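What follows is a short report on a single structure.
The values are calculated or read from the model by the stated rules, or taken from the named source; none is laboratory data. Note that the coordinates shown come from a computational prediction; the quantities given were computed from them, not determined experimentally. Note: ideal-geometry Cβ built from the backbone for every residue, glycine included; neighbour counts use all protein chains shown. Quick note on the areas: whole protein, heavy atoms, side chains included, nothing else; ligands and nucleic acids left out. Shrake-Rupley method; radii C 1.70, N 1.55, O 1.52, S 1.80 Å.
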Amino acid sequence: MEQELSLRDYVMVLRLRWPYFVLPMILVLGVTAAIAVLLPPVYQSTGTILVESQQIPSNLVPSTITTYAGERIEIIRQRVMTRENLVKLAERYNLFQEDGPLVGTELVRKMRERVLVELITAEANSGRRGTAAIAFQVSFKHPRRDVALKVANDLVTLFLEENARTRTERATETTGFFAKEAEKLRRDLNAMEDRIAGYKQQHSDALPEHLNLRIAMLERAESELKAIEREIKALQSERRYLELELASEHGGAGGSESDAFSTIRSLEERLAELRVTYNDAHPDVQSVMNQIRALNNDEHDSVADIDVTADVRASRVRREGDLGGRSTTGEPAGGGAVSGSPVLARLQAQFASADSQLESLQEQRGKLKDRIEELQRQIIHTPQVERGLAALERDHEGALRKYNELRAKQMEAQVSESLEEDRKAERFSLLEPPLLPEYPVEPNRKKIMALGLFLAFMGGGGGLMVVESLDGRIRGAARLTSMMRHPPLAVIPYIWTEAETRTKRLRMTLAAGALLLLILGALLLTHIFYLPLDILVLKVLARFE
């Protein structure tokens, strides 16, 4: 059954067993005071770095760094807090030498525990969520004030240098990337331009940009062909007229029946020659056939005879190639009065000129027909060439557009790189350099003593309760009533005898004297072997400031 004690019972227990309360309390207070006094002071030197925004408006010169300041600070912290940097700092200032030789991992762990990076934030702009870092503090803790100051200075320098190097490298890498991509596209553009040039050279006779010119050339060639056709017809008419004139001139000189027979034979030979090339519907074939029929007709008048004779002589002049050198019968033209006639010579010259012009025009007509066929072929082939050329030019335009975009971005990256090099972009500036700390930040001795006082009371109470729980005696009327289930008739207090009172006072006097002697002895030994008491008191008080 539980034993319930009243407040009076607790007071009585405390009066009877106060040494078990005081001794644990003194012990805990002593240990706490020793800890608070003996713990070495730790000094902290802090430098403040300001995150300055870009001096030139970002809409005029965009920066290549798009991450938030807090994210960049964390990245830089990871780069600064590398194993190599921390080991160098520890070796440079002989840190933790009081702890003995440390391996690399333990050394790095202790360094990271001593380095603090704290962000100073503010409400972000409307374009961002949450808070934005406007500054941050870099601190280092060490038992020696001068060492804390030196290491903090080095850490601040590392942060500033790492930020500048990182931003410059990022801008340089961005510029190099765009330059590399632009160069690659430039080579592709050159290859495309070479393909377009080769395609145009291969199909130079059917390029779409020359279509209107070819149509105009075709129309002009067709017009020239029609003009030549008209000239050929005119020359053919003139030639027939000259043949009549020549026949008339030879007829006026008096031709014989043998000449008529020779003319018919010549016309038949001419007809055979023409039929080799043309059919009977051809005008020249029809003309020769009509002349032969006229000569064979007995009722035909002398004009028809003259035409046949003229045709025969003209054909012979063409075959022999020299109208003035020989006669149509194969005899010299100088025989008779006709051969020396100036009219006949003029007609022969005109006939030869007409033949020469006719031959030249026919040659020109053939060339024009070939040219017209070539132009028509080119015009028909132009749409296919245009389709292939359009595909090549479309690819070229797309690549050129992308190349121009990359070049523009490259120029922006170069400007941003200059911005970083000139320190006009967002940057870290030292707002407050690390100072020599005046007071330690650790340990908080006042808090330690307050905690020790609380623990002392708890220890004293705990000791008292432990001793009381081990004692089986019944204390108090309430406890007796609880056990017996009947209240006592009367409560008689404990009556101290005179001998018990003297014994109790003697014990208290002896205990107090022993405690005082113990304290004086400890102070004397401290004064002699450790430190004079006046200096020790000043140092202890200084630690609690």
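Give the ranking of D355, D395 by solvent-accessible surface, highest area first, calculated with a 1.4 Å probe.
Output order, biggest surface exposure first: D395, D355.
Gain on full extension, evaluated as 0.36 nm per residue between Q201 and S418 minus their Cα-Cα distance, stands at 73.6 nm. Excluding same-chain neighbours fewer than eight residues apart, the lysines reachable from K233 by a Cα-Cα span under 21 Å are K367, K369. Ordered from highest to lowest accessible area with the whole protein assembly present and a 1.4 Å probe, D146, D194 read as D194, D146. Relative to the current alpha-carbon distance between S360 and L524, full extension at 0.36 nm per residue lengthens the span by 44.3 nm. The length gained by stretching the chain between L16 and D370 to full extension, at 0.36 nm per residue less their Cα-Cα distance, is 113.2 nm.
Given R0 = 56 Å, the distance between the Cβ atoms of L189 and Q78 translates into a calculated FRET efficiency of 0.85.
Checked against a 27 Å cut-off, the cross-linked pairs K446/K504; K200/K402; K88/K447; K447/K539; K180/K200 give Cα-Cα distances beyond that limit for K446/K504; K88/K447; K180/K200.
By a 1.4 Å probe calculation restricted to protein chains, T105 has an accessible surface near 100 Å², given to the nearest 10.
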